[in-house]
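Taking it in order: structure first as structure tokens, then the write-up.
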Amino acid sequence: MMQRKAASAEPAYGDVNPGSSDPQQLYRTIDWLLIPLLFMVVQAAFHIHAMLTVGDWDFWTDWKDRRWWLVVTPVSLITFPAAIQYVLWEKFRLPIGATVCVTALLLGQWVSRTLNFYGWAYFPLNFVWPATLIPGAILLDCVLILTRSYLLTGIFGGMLWGVIFYFANWPMLAAFHLPMNHNGVLLSLADLQGFEYIRTGTPEYIRIIERGTLRTFGKDVTPVSAFFSGFVCVLMYFVWHLMGRLLSTVRFIQKI
Amino acid sequence: MAMAAKVLTIDRRPARSAGGINYRLLAGAMLTLSVIFVSIRLYQQFFAWTVGLDSTSPEFQTHWMRLLYGEFFVEGVAAAAIWGWLWKTRDLNLAALEPSEEIKRYLRLIGWLLMYVFAVYWTEFFAEQDATWHQTVVRDTEFTPSHIPLFFGAMPVFIIMGVSSYLYARTRIPQFARAHSVPFLIAVAGPFMMLPNVGFNEWGHTFWIMEEIFSAPLHAGFVVFAWAALCLGGILMQAIPRIIELAQGEAQRAVRPVTG
């Protein structure tokens, strides 16, 4: 009786369930709080990064070309997956870093495109759809869990991430590259959309698409760009793996 | 006789929630923010294209500049009130903090961080929206129907939440009161620096008149400061081991037989 009285006289760290002495319940509560927190912070930060580095190519169908879009997008957007993969795999043994990042990013992008681009500025959704990175993210995470090696993930996963990007988006993009004869001018459907919806990024001298030299190895443009993208993604993976290590520091300092 | 477990707050009054975190308050705060930002979004829907195109018009002054001044006032009052309250009610005797209360404070810190991150989400929402406005309408001044909710609405709100979460940790949790947490400093100061960067951004747009491309080098400052949010992982890496240590200590204490 004294034991019972003593035990109930104080809250047994009694947080989510007063009287409970099971830390598992506390851990579950923290999980339920942390999961939305981490998802939102990854979404917000990654989306701000994406919109300001590859935004124009991602906003508009007529910017989705075979040279710039498929190089700039994977190279810039492997950053957060690499960093978050380090944190989630190293600290929590969760092989979902890349997939979490791109899912969060896509959610934010779709909300914005629907409510802002279409809902506010009246651009049609088939003009402003965001590119998908999910297949590349799945491959990146799969390479990590199969190899359990950051080195192999960077080399093979990074290469796959860059190479697969254009082909993963091809089902969505193909229709907009159909040729059209519009008032005697040959152009693609994407180009026509671009001319119909005038923006500051529309004029030919501004759109950063299809520019450059050494475009092909004889015939096709896309494979050259895709493999170049893959190689640069390998480099970016390691750079941002180190950023992940750096930014997940647990240091304290006495004075600021 | 079983006694009801009584939990006291730092000012010795019974806590409203013995569960460590006041879910109603947290949900209410998130709902309040959502209502405010959804209302602003609807306000944009009705008044942006009609009276928001020409900053020299009297209607623009009425509908948009008043909103701007209102935001300044509300944010100033909110910042003073929240930060002042956090400082005034700080714990002056952290050495005597009970482990159970310390766990609760860690939970509340996660609640503050959740509010911070939620406010950053709304910033991201209005940030991409900014592209739709400025790539169609261009700009005549800094104060546009997309900038007013973004740079002077959502950004100050997340700054208030970020500083509040840091103040809460510094004044109530021994681990963060003893020394400055580097990831916490970066996670708060980095996004905060986006606000001064707004000034640089507007100077750049005025000087180079470049509205055509969103992914322009001028915007790189915002990108770099957004990376700072990754430091939230570091904060959790500091807090979680301590929470586990406290929880396991408490669990052992709860099952320890009472002698005497």
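I'd like to check something: does segment B:114-121 contain any residue that is more than 16 Å from B:LEU232 (Cβ to Cβ) and buried (at least 22 other Cβ atoms within 10 Å of the Cβ)? Scanning segment B:114-121, I find no residue that is more than 16 Å from B:LEU232 (Cβ to Cβ) and buried (at least 22 other Cβ atoms within 10 Å of the Cβ), so the answer is no. In segment B:124-147, what residues are under 23 Å from the mean Cα position of the chain (by Cα) and of a type in the set (Val, Ile, Thr)? Within segment B:124-147, no residue meets the criteria. When you check B:TRP133 against the structure, is it among the hydrophobic types (A, V, I, L, M, F, W, C), out of contact with any helix residue (DSSP H, G or I) (no Cβ under 6 Å at 6 or more places or on another chain) and within 10 Å of another protein chain (Cβ to nearest Cβ), yes or no? So B:TRP133 fits the description; yes. Output the residue which, of all residues in segment B:205-239 that are in contact with a His (Cβ under 8 Å, 6 or more places away or on another chain) and aliphatic (A, V, I, L, M), is surrounded by the fewest Cβ atoms within 10 Å (Cβ to Cβ). Step by step, filter segment B:205-239, then rank; the result is B:LEU218. Going through (1) touching a Gly at 6+ places or on another chain (Cβ under 7 Å); (2) more than 9 Å from chain A (Cβ to nearest Cβ); (3) within 23 Å of B:THR144 (Cβ to Cβ) one by one, B:VAL188 falls short only on (3). Here are the criteria: (1) buried (at least 18 other Cβ atoms within 10 Å of the Cβ); (2) touching a residue at least 60 places away in the same chain (Cβ under 8 Å). Tell me which single one B:GLU202 does not satisfy. Failed condition: (1).
The residues of segment B:67-94 that are touching a helix residue (DSSP H, G or I) at 6+ places or on another chain (Cβ under 8 Å) and of a type in the set (Gly, Ala, Ser), listed by number, are B:ALA78, B:ALA79. Within segment A:175-199, if we keep just the residues that are among the aromatic types (Phe, Trp, Tyr) and either in contact with a Ser or Thr (Cβ under 8 Å, 6 or more places away or on another chain) or in a helix (DSSP H, G or I) (or both), the residue that is farthest from B:TRP133 (Cα to Cα) turns out to be A:PHE176.
What about A:MET172, is it in contact with a helix residue (DSSP H, G or I) (Cβ under 7 Å, 6 or more places away or on another chain) and either under 19 Å from A:THR73 (Cβ atoms) or not in a helix (DSSP H, G or I) (or both)? It is false that A:MET172 is in contact with a helix residue (DSSP H, G or I) (Cβ under 7 Å, 6 or more places away or on another chain) and either under 19 Å from A:THR73 (Cβ atoms) or not in a helix (DSSP H, G or I) (or both). The number of residues in segment A:234-251 being part of a loop (DSSP other than H, G, I, E, B), surrounded by 15 or more Cβ atoms within 10 Å (Cβ to Cβ) and not aliphatic (A, V, I, L, M) comes to 2.
Checked against (1) surrounded by 17 or more Cβ atoms within 10 Å (Cβ to Cβ); (2) at pLDDT below 95; (3) within 13 Å of chain A (Cβ to nearest Cβ), B:ALA169 passes all but a single condition, namely (2).
Answer yes or no: is there a residue in segment B:242-252 that is at the interface with chain A (Cβ under 9 Å from one of its Cβ atoms), surrounded by fewer than 17 Cβ atoms within 10 Å (Cβ to Cβ) and touching a residue at least 40 places away in the same chain (Cβ under 8 Å). Yes: one or more hits.
Counting only residues that are surrounded by fewer than 20 Cβ atoms within 10 Å (Cβ to Cβ), touching a residue at least 40 places away in the same chain (Cβ under 8 Å) and within 21 Å of A:GLY158 (Cα to Cα), segment A:194-233 holds 6 of them.
Among the residues of segment B:208-221, are any within 8 Å of chain A (Cβ to nearest Cβ) and either closer than 20 Å to B:ILE110 by Cα or within 24 Å of the chain's Cα centre (by Cα) (or both)? Checked against the condition, which is being within 8 Å of chain A (Cβ to nearest Cβ) and either closer than 20 Å to B:ILE110 by Cα or within 24 Å of the chain's Cα centre (by Cα) (or both), segment B:208-221 yields at least one hit.
Of the set (1) closer than 30 Å to B:LEU42 by Cβ; (2) buried (at least 20 other Cβ atoms within 10 Å of the Cβ); (3) of a type outside the set (A, V, I, L, M, F, W, C); (4) more than 11 Å from chain A (Cβ to nearest Cβ), all apply to B:SER146 but (4). Report whether or not B:SER34 is among the polar types (S, T, N, Q), within 14 Å of chain A (Cβ to nearest Cβ) and surrounded by 20 or more Cβ atoms within 10 Å (Cβ to Cβ). Here the answer is no, as B:SER34 does not meet what is asked. For the condition over 15 Å from the mean Cα position of the chain (by Cα) and buried (at least 23 other Cβ atoms within 10 Å of the Cβ), B:ALA154 does not qualify.
May I ask you to verify whether A:LEU189 is closer than 29 Å to B:PHE125 by Cβ and in contact with a Phe, Trp or Tyr (Cβ under 6 Å, 6 or more places away or on another chain)? Give the derivation first.
Values: closer than 29 Å to B:PHE125 by Cβ: no; in contact with a Phe, Trp or Tyr (Cβ under 6 Å, 6 or more places away or on another chain): yes.
No, not satisfied.
Considering B:VAL188, B:VAL224, the condition of being in a helix (DSSP H, G or I), farther than 30 Å from A:ARG28 by Cβ and within 24 Å of the chain's Cα centre (by Cα) is satisfied by B:VAL224 alone.
The condition (being touching a Cys at 6+ places or on another chain (Cβ under 6 Å), modelled with pLDDT of 90 or more and more than 7 Å from chain B (Cβ to nearest Cβ)) is satisfied by just one residue among A:PHE46, A:PHE39: A:PHE46.
The values are calculated or read from the model by the stated rules, or taken from the named source; none is laboratory data. Remember, predicted model here, so these are calculated numbers, not experimental data. FYI the Cβ positions are ideal-geometry reconstructions off the backbone, even for glycines, and counts take in every protein chain you see.
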